[in-house]
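Data first, discussion second: the structure below is written as structure tokens.
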Amino acid sequence: MSKVIVVTSGKGGVGKTTTVANIGTGLALLNKKVVLLDADIGLRNLDVVMGLENRIVYDLVDVVEGICKLRQALIRDKRFEELYLLPAAQTKEKTAVTPEQMKELCDKLKQDFDYILIDCPAGIEHGFKNAVAGADNAIIVTTPEVAAVRDADRIIGLLEASELPGPKLVINRLRSDMVKKGDMMDIEDMIEILAIELLGVVPEDEKIVISTNKGEPAISDPASKAGQAFRNISRRIEGEDVPLMNLEVENSFMERLKIFFGLKR
Amino acid sequence: MDIFKIFTREDSSSKEVAKERLRLLLVHDRANVSPHFLEMIKEELIQVFSDYMEIEEEGMEIELTRTKLGKSDALVPALIANIPIKRMKHLPK
Ligand SMILES: Nc1ncnc2c1ncn2[C@@H]1O[C@H](COP(=O)(O)OP(=O)(O)OP(=O)(O)O)[C@@H](O)[C@H]1O
Ligand SMILES: [Mg+2]
């Protein structure tokens, strides 16, 4: 059974595109057939994060308008066995596609793929409605900030209303050093407030910036903590029971001192 | 005075401030999302009160605001209902 998962957030810039790129790659590494669908029409950047921007010929709007075949618009990521990208149009309006057309497209993709991951634009308008139209699962990305959690709550309400039940939460850019000082909301705080199931926690990680510069998702970097978090999330999506990773700042001087004095193991 | 308060960050940490602000925000957000929310509450309140009194339904007002809790200055969300009574019913003793 194939799954159509929309990755959404309400607030912009919290890490939707990063999440789609990494989880998509993660699932492909688990030998799944995956297509990443960029629904951010007019502001596409999933292609850039994936490093596939130079290979675009056709896009989502071309497919919907019948200018090309679906197969022609799919870009195969040669670094992985079965990973494809369907890019968004860069020069069209969001209204170039209707929710019905998106649903049709997703149904067609379901025949060929195990996972269809949709990168949703920020906001709750037309682009959001398009992105969720064909989805049967949702991942909500938030960061530990008041505005991001507030918007996540709004999205949860909207998804409930549009009968997309049981969205799961990804908390991105968590800084355990700040959580420890009491200067950042922790995982339990956010779960309690939003009352939804946690899918994973991704730490703030400069490797994300580096990997985005190179167009190589951080998940393929074994040294990246965020990459590790995304690997865990991918396995959870596949139904595995993977415990939350230890996000504590390791090897910092204070930590080593605490270990030395037996305050911490 | 609680001397230990000085040493615990609980109340003053910015995370606690963030949590409180969020809680307050979400009460209002969630209530405002549905235009029927207050209507639904109003209908049910009328049901409950009618057992005890006759109320002036037209003059009934219900709104979501904020109020101070106890002696502290902290604002908490509050549901304020203004229910004009026309006549009390005879209650069984
Ligand atoms: N865990 C992280 N650590 C460090 N930087 C991150 C992390 N996650 C995301 N970023 C950075 O934050 C920025 C925004 O991320 P991204 O583009 O994925 O967000 P988005 O939700 O897709 O934004 P938009 O709403 O504009 O589509 C990017 O520069 C990205 O590299
Ligand atoms: Mg994006």
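The values are calculated or read from the model by the stated rules, or taken from the named source; none is laboratory data. Bear in mind the structure is a predicted one, so any value in this text is a computation, not a measurement. In this analysis, Cβ positions are derived from the backbone assuming ideal geometry, glycine residues included, and neighbour counts consider all displayed protein chains. These accessible areas exclude ligands, DNA and RNA; they are computed on the full protein's heavy atoms, side chains included. Shrake-Rupley method; radii C 1.70, N 1.55, O 1.52, S 1.80 Å.
The mean number of Cβ atoms from other chains found within 10 Å of a Cβ in peptide B:16-24 is 4, as a whole number.
Using only protein heavy atoms and a 1.4 angstrom probe, determine the accessible area buried between B and A, summed over both sides, in Å² to the nearest 100. Show your work: numbers first, answer last.
Details: alone 8170 and 13230 Å², together 20040 Å².
When B and A are taken together, about 1400 Å² of accessible area is lost.
For region A:78-93, the Karplus equation 6.51 cos²θ - 1.76 cosθ + 1.60, evaluated at θ = phi - 60°, returns couplings of 5, 6, 10, 4, 9, 10, 10, 10, 10, x, 7, 6, 9, 10, 9, 7 Hz by residue, with Gly and Pro reported as x.
Taking only Cα atoms of region A:109-262, what ratio of Rg to Rh do you get with Rh as the Kirkwood inverse-distance radius? Mind showing how you got there, number by number?
Values: Rg = 17.3 Å, Rh = 17.3 Å.
Looking at region A:109-262, the ratio lands at 1.00.
Determine the shielding of peptide A:187-200 by partner chains: average, over its residues, the number of Cβ atoms on other chains within 10 angstrom of each Cβ.
1
Mind checking the alpha-carbon convex hull of chain A and giving the volume per residue in Å³? Intermediate values should be presented prior to the final figure.
Details: hull volume 33.4 nm³, N = 265.
With only Cα atoms used, chain A gives 126 Å³ per residue.
Charge dipole of the protein assembly as shown (Cα centre as origin; +1 on each Lys and Arg Cβ, -1 on each Asp and Glu Cβ, all else neutral): 900 debye, rounded to the nearest 20. Pop out the carbon and sulfur fraction of the accessible area of region A:3-260 as a percent, whole number, probe 1.4 Å. For region A:3-260, the apolar C and S fraction of the accessible surface comes to 49 percent.
Phi-derived couplings, Karplus 6.51 cos²θ - 1.76 cosθ + 1.60 at θ = phi - 60°, listed residue by residue for region A:211-225: 5, 5, 4, 8, x, 10, x, 4, 4, 8, 9, x, 8, 7, 5 Hz, with x used for Gly and Pro. Close amide H contacts of A:Arg175 (hydrogens built in the peptide plane, cut-off under 5 Å, sequence separation of 5 or more or a different chain): A:Glu204. For region A:94-152, the percent of C-alpha pairs falling in each 10 Å distance bin, counted from 0 to the bin holding the largest distance, reads 20, 47, 25, 7, 0. Of A:Thr142, A:Val179, A:Ile219, which is farthest along the charge dipole of region A:3-260 in the positive direction, counting Lys and Arg as +1 and Asp and Glu as -1 at C-beta? After comparing all options, I get A:Ile219. When chain A is treated as a Gaussian network with alpha carbon springs shorter than 10 Å, the biggest mean-square fluctuation among A:Ala135, A:Ala161, A:Ala218 belongs to A:Ala161.
What percent do you get for the relative contact order of chain A when only Cα pairs under 8 Å and 6+ apart count? Please report the intermediate quantities before stating the final value.
Values: 511 pairs, mean separation 63.4, N = 265.
Reported as a whole number, the value is 24 percent.
Taking amide H positions as modeled 1.01 Å from N, with prolines and chain starts lacking one, the residues under 5 Å from A:Val6 and 5 or more places away or on another chain are A:Ile118, A:Asp136, A:Asn137, A:Ala138, A:Ile139. Distance check, please: which entries in A:Lys108/A:Lys207; A:Lys3/A:Lys168; A:Lys32/A:Lys69 exceed 25 angstrom between their Cα atoms? Long pairs (Cα-Cα over 25 Å): A:Lys108/A:Lys207.
Within the listed set A:Ser234, A:Ser211, A:Ser162, the residue fluctuating most in the Gaussian network model of chain A (springs between alpha-carbon atoms under 10 angstrom) is A:Ser162.
Backbone phi angles across region B:69-78, fed through the Karplus curve with coefficients 6.51, -1.76 and 1.60 (θ = phi - 60°), yield HN-Hα couplings of 9, x, 8, 6, 8, 5, 8, 10, x, 9 Hz in residue order; Gly and Pro are listed as x.
Residues A:Lys110, B:Lys86, sorted by accessible area with the largest first, give B:Lys86, A:Lys110 [1.4 Å probe; ligands and nucleic acids excluded]. Ligands, DNA and RNA excluded, the heavy atoms of B:Leu75 present near 90 Å² of accessible surface to a 1.4 Å solvent probe. Comparing A:Val35, A:Val209, A:Val201 in a Gaussian network model of chain A where C-alpha atoms under 10 Å apart are linked, the largest mean-square fluctuation is found at A:Val209. Exposed loop positions in chain B were taken to be GluC sites (Glu not before Pro) whose DSSP state is not H, G, I, E or B and which have at most 14 other beta-carbon atoms within 10 angstrom. Between these positions, the longest stretch is B:11-55.
Heavy-atom accessible area with a 1.4 Å probe sorts A:Tyr84, B:Tyr52, A:Tyr58, A:Tyr115, largest first, into B:Tyr52, A:Tyr58, A:Tyr84, A:Tyr115.
Around the Cα centre of region A:136-205, unit charges on the Cβ atoms of Lys, Arg, Asp and Glu (plus for the first two, minus for the last two) sum to a dipole of about 160 debye.
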